[in-house]
């Protein structure tokens, strides 16, 4: 327990050392639960049921939130990690298994840094009518460029990020790809793009910087990955 | 009705011409309903109730989504607008009154393009532990720079967007500001920043381009604002 608290102090990463069986149990419990809330979010935007039904559903949603809050974390989820050093960022806005705001992206990666994900964006991610919000494309590319840096052994926090929008990205089935362009000391340059069936819609380039607490000279417990 | 359909064809903007009273009625109905779902999203991430309770709540959430889906839009919400030309982007990921993913930001603006918003980000917007996801900052700044361009009479779709992360942005109470830097023909350059109590954490600069269908030579119905 003291060890967990000490680690938690390192920028909020919590070493909980759960077993593979416990990890599997948590995934099996929380993935479908969070997905059910994602469906509710989508239905909330698109529903056309009458006013009385909206009010009735609202009362039930409030009661469910109260039940969940009967016991809850004081703040955000943070990132937990175990003996392998692989982080579990389950509250993350893009990939979080427990975050209904996350589509979530499931990211495939190679040790050289190439990453990709096939994903779907529905009504909750709209900007211009029928199109993905330009900022949602930025959100996803920020995550993926960071994933590329991490997968290539150069994890970091975003320093700069530049996006070029070639055309509107339609809501629906999409793909995102990212890779490391080059790396110097604590800095890694990564690039990426979002594609629909017709080709590239948005391009991104960013610099990722290894935080001070995660540099090799720091002896404290820390995740080796923090995707 | 034909008029609405014709307008809907113009890039998905729907001219519905609702009265001010109907607008007020819809706001009073949907704002608290959507807020209840936002609370459920937060509770979903942070809950520590036991497995049986998670499964029980999941079943109820699924039933509520089914009730809402008894009558729903075919796709995303889109943007509706009325006689004033002011758009209602209620499905928008950042400002959408009906979107539980949106914090939502309530944006103050001046006709010269200055925009600002005081807002709060909780557990759903986490990247590194306890910090706002870098991509969420990008999402919010993309919206706000677009709002500045629109408020200054130069609405547009994002062409490029560049973000500089000066330090981590803590979850909690934040402020975002945006303004027009300059404008030439169909292009507008906007800038903005996110601040916490200690100062600026992220800076952004972007180019916004007036879409072809919204240019003055196009005679069809369209919103004059599409924030």
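Structural remarks
- Overall, the anisotropy analysis places the range A:91-221 in the prolate class: the square-rooted eigenvalues a ≥ b ≥ c of its C-alpha gyration tensor yield a/c not less than 1.5, with a/b exceeding b/c.
- Three-way shape call for chain B based on the alpha-carbon gyration tensor, with the a/c threshold at 1.5: oblate
- Max mean-square fluctuation residue, GNM over chain B, Cα-Cα springs under 10 Å, options B:47, B:158, B:34: B:47
- Inter-chain Cβ neighbour average for residues A:73-84, partner chain, 10 Å: 4
- Per-residue ellipticity at 222 nm computed for chain B from its helices equals -10500 deg cm²/dmol, with DSSP H segments shorter than 4 residues left out and the rest contributing -39,500 (n - 2.57).
- The range A:108-156 and the range A:174-213 have Cα centres separated by 9 Å.
- Per-pair calculated FRET efficiency, R0 = 35 Å: residue A:195 and residue A:63 via Cβ, rounded to 0.05: 0.25
- Antiparallel DSSP beta bridges within chain B, as percent of all bridges there, nearest 5: 95
- Averaged over the residues of B:202-211, the number of partner chain Cβ atoms lying within 10 Å of the residue Cβ comes to 2.
- Efficiency of FRET from Cβ geometry, residue B:215 and residue A:164, R₀ 22 Å, rounded to 0.05: 0.50
- Gained length - residue A:55 relative to residue A:182, 0.36 nm times residue gap less alpha-carbon distance: 40.3 nm
- Only Cα pairs under 8 Å and 6+ residues apart enter the sum, and on that basis the relative contact order of chain A stands at 20 percent.
- Protection proxy ranking of A:147-155, B:24-32, B:64-72 - average other beta-carbon atoms within 10 Å, highest first: A:147-155, B:64-72, B:24-32
- Choice from B:128, B:89, B:104 showing the highest fluctuation, given a GNM over chain B with Cα pairs closer than 10 Å: B:128
None of the figures in this text is laboratory data; all of them are computed from the coordinates on show. Please read these numbers as outputs of a predicted model, since none were measured by experiment. In this analysis, Cβ positions are derived from the backbone assuming ideal geometry, glycine residues included, and neighbour counts consider all displayed protein chains.
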